[in-house]
C-alpha cells in the first residue's frame, strides 16, 4: 500500500470539488456512523491523499509536496505563478481549508 497524506478539511464535499481540479477523484467514503461526516480518498497521478473531517486526524495548515509531470497545467488551472528552484519548477497552492501544497515538476 502506498504512503498517504491525510489533510484536515471542514467540508469533505467542498474539498473534493477543489481537489478534482488537481486530477483527484473520490475513490471511497468512510463514516464512523450514519450521522458522522465523511472521510474520502482521492488518488491522483501524483500521490494518494485522504481528507478527514474528524478532529485529531490531521492538523490544519499541513504542507504536502506533490510531483507531477507538468506543473504548467496546474499553474494555469489555479492561476498561480511558477517558481524555478534548483530541484525543479514549483507552483504553490492553498486549499480552501488552509492546507498548503507545493506542486512541482523537474526543471526543463
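Residue count for region 55-88 satisfying the condition of being outside any strand (DSSP E or B), modelled with pLDDT under 90 and surrounded by 16 or more Cβ atoms within 10 Å (Cβ to Cβ): 3. One residue stands out among those in region 89-108 that are farther than 18 Å from residue 18 by Cα and in a loop (DSSP other than H, G, I, E, B): the one that is nearest to the chain's Cα centre (by Cα), which is 106.
The values are calculated or read from the model by the stated rules, or taken from the named source; none is laboratory data. Not measured: the values here are computed from a predicted model. In this analysis, Cβ positions are derived from the backbone assuming ideal geometry, glycine residues included, and neighbour counts consider all displayed protein chains.
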